[in-house]
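Asks: So that we are looking at the same thing, I have put the structure below in structure tokens.
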Amino acid sequence: MLFERIIRLVVIAFIAGAALGLAGGLVLGGPEGSVATGAEMAPTPTTAVDVAPQPMTPERAQAIGANELGMIMVLEYHKIGSPATEWTRTPEEFRADLDLLRSEGYYPINLRDLATGSIEVPAGKSPVVITFDDSSPGQYRILDDGTLDPESGVGIMEAAVRAGGWASRATFFALLDVRPDDHVLFGQEDHRARKVRSLIEWGYEVGSHTVTHLNLKEASVAESTKQLAVSKATIEQMAGGAYSVDTLSVPFGEYPADDSLLASGEWEGTSYRYLAAVEVTGGATPSPFSTAFSPLHIPRIIVTGDALRAAIQRFKDHPELRYVSDGDSAAVSFPAGPADELGSLLPDLGRPVLTY
Ligand SMILES: [Zn+2]
């Protein structure tokens, strides 16, 4: 069953977290990186400051105001460019979105990390997942001189990383065979493989949006299985290493009759499995530690107009609904008697649970 698999992954994440993540403890962020001039340079890694790990306690969780049963915003972007439309965010708007998120105490994670509960966010901050659908050129553009376009989505995010208090995390759901082909892996045919590799190297996630933006509700099981297998295998091959494509954006939000088609399958000897799939709409998602979480039906917030500001305001009006990290990715901390909307704690998480 999928939940069992998620829980198994959570246990693995717990072990890995014990080895790697705990040293981060309560440390907020990392040192600010120097400004890269060659924009294709890898961003400065976020280095954990060397402090002795402290076990999470209910008292510390309370002092932080941790609520890891709270809800998380998964934001949905399409084009970055001009002019602004329902499906196009201008560079200025996207930059302002990041500024707003940072100033309101949010910190980015990848969708895979949400799905597996590997949420590495400084204490007191709230995770947010930024997703991009359809791999259009404005999301990631390389200029003629070989540098990263500072007005493209990746360029704007990397500038936020250099400014501090932000990380190279977002999930790109790429298309592989569509017309016009400027939606195939961000256009710029000569740069496609390089873009996939650099995104992954910097810490971003590349997920599947099927090969051709297939309507999985209308397509045959055979064609759906083929595209779910081929899209994953193709991106992994381009990544050129041990990379695993684990997440899917369901085109048009049109689901197949049976979700098990998304979870795993095989086409001509190529097997696949997806840990998580995102919907087109639906608001904030329940916590991955909650019974209300549905990994193959993760809702999103389309960022258009004032939708982001409104979603942030909703958490201000109902702070009990907002996920706030305890800063310890191995432990799950939340106040006793969580709000009904949050569901209840999943059993057998395989990690310390603290209530206060
Ligand atoms: Zn799409």
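Asks: Along the charge dipole of the chain, pointing to its positive end and built from +1/-1 on Cβ of Lys, Arg, Asp and Glu, which listed residue (GLY164, GLY283, ILE80) has its Cα farthest out?
Replies: Value computed over the given set: GLY164.
Asks: I want the local charge near PRO137. Using Cβ-Cβ distances under 12 Å, sum +1 for each Lys or Arg and -1 for each Asp or Glu among the other residues.
Replies: -2
Asks: Going by how many other beta carbons lie within 10 Å of each one, how would you line up LYS79, LYS195, fewest first?
Replies: So the ranking, lowest neighbour count to highest, is LYS79, LYS195.
Asks: Report, ordered by chain and residue number, the lysines lying within cross-link reach of LYS316, taken as a straight Cα distance under 20 Å and ignoring same-chain residues fewer than 8 apart.
Replies: LYS125
Asks: Further question: Is the C-alpha gyration tensor of the range 163-205 telling us rounded, prolate or oblate? Criteria: a/c under 1.5 is rounded; beyond that, a/b larger than b/c is prolate, otherwise oblate.
Replies: prolate
Asks: Please identify, among SER329, SER220, SER344, the residue showing maximal mean-square fluctuation in a Gaussian network model of the chain using a 10 angstrom Cα cutoff.
Replies: SER220
Asks: Next question, about the same structure. Summing -39500 (n - 2.57) over the DSSP H runs of n ≥ 4 in the chain and dividing by its residue number, what mean residue ellipticity at 222 nm do you reach, to the nearest 500 deg cm²/dmol?
Replies: -8000 deg cm²/dmol
Asks: Follow-up. How much length would be gained if the chain were fully extended between ASP145 and GLN62, taking 0.36 nm per residue of separation minus their Cα-Cα distance, in nm to one decimal?
Replies: Full extension of this stretch gives 24.8 nm more.
Asks: Counting Lys and Arg as +1 and Asp and Glu as -1, what is the net charge of the other residues whose Cβ lies under 13 Å from the Cβ of ALA310?
Replies: The answer is -1.
Asks: If packing is taken as the average number of other Cβ atoms within 10 Å across a peptide's residues, how do 143-156, 306-319 rank, most packed first?
Replies: Listed from highest to lowest mean packing, they are 143-156, 306-319.
Asks: Figure the gain on full extension for ALA257 and ASP348 (residue separation times 0.36 nm, minus the Cα-Cα span) and round it to one decimal in nm.
Replies: 29.8 nm
Asks: I would also like to ask the following. By count of other Cβ within 10 Å, fewest leading, how are PHE252, PHE186, PHE334 ordered?
Replies: Taking fewest neighbouring Cβ atoms as first place, the list is PHE252, PHE334, PHE186.
Asks: Separate question: Please compute the alpha carbon radius of gyration of the chain, then divide it by the globular-protein estimate 2.2 N^0.38 Å. Two decimals is fine.
Replies: 0.95
Asks: Mind checking the dipole of the range 278-356: about its Cα centre, +1 per Lys or Arg Cβ, -1 per Asp or Glu Cβ, Debye to the nearest 20? Before the final figure, lay out each step's value.
Replies: Details: 6 positive and 9 negative charges, 42 e Å.
Roughly 200 debye for the range 278-356.
Asks: From the Cα gyration tensor of the range 243-356, with a ≥ b ≥ c the square roots of its eigenvalues, which class applies: rounded if a/c is under 1.5, or else prolate if a/b is larger than b/c, or else oblate?
Replies: oblate
Asks: Given the options HIS191, SER271, PRO150, identify the residue whose Cα lies farthest towards the positive end of the charge dipole of the range 146-297 (+1 on Cβ of Lys, Arg; -1 on Cβ of Asp, Glu).
Replies: PRO150
Asks: Given labels modelled 7 Å from the Cα in the Cβ direction, how far is it in nm from ARG197 to GLU104?
Replies: Those two pseudo-labels are separated by 3.8 nm.
Asks: Work out how much length ALA242 to ARG162 would gain on full extension: take 0.36 nm times their residue separation and subtract the Cα-Cα distance, in nm to one decimal. Let's see the in-between values first.
Replies: Numbers: separation 80, 0.36 × 80 = 28.80 nm, distance 2.75 nm.
Gain on stretching ALA242 to ARG162: 26.1 nm.
Asks: Quick one: which of 104-111, 125-132 comes out on top by average Cβ neighbours within 10 Å, and what's the full order, highest first? List each step's numbers first, then the result.
Replies: Numbers: 104-111: 23.1, 125-132: 24.9.
My ranking of the peptides, most packed first, is 125-132, 104-111.
Asks: Another question, then. Modelling each spin label as a point 7 Å along the Cα-to-Cβ direction, I'd like the GLU223/THR85 distance in nm, to one decimal.
Replies: 2.5 nm
Asks: Could you line up LEU296, LEU175 from fewest to most neighbouring Cβ atoms inside 10 Å?
Replies: In increasing order of surrounding Cβ atoms, one gets LEU296, LEU175.
A short reminder: the numbers here are calculations on the coordinates, not readings from a lab. What you are looking at is a predicted structure, and each value in this text was computed from that prediction instead of being measured. Methodologically, a virtual Cβ is constructed for each residue, glycine included, from the backbone with ideal geometry; neighbour enumeration extends over all protein chains shown.
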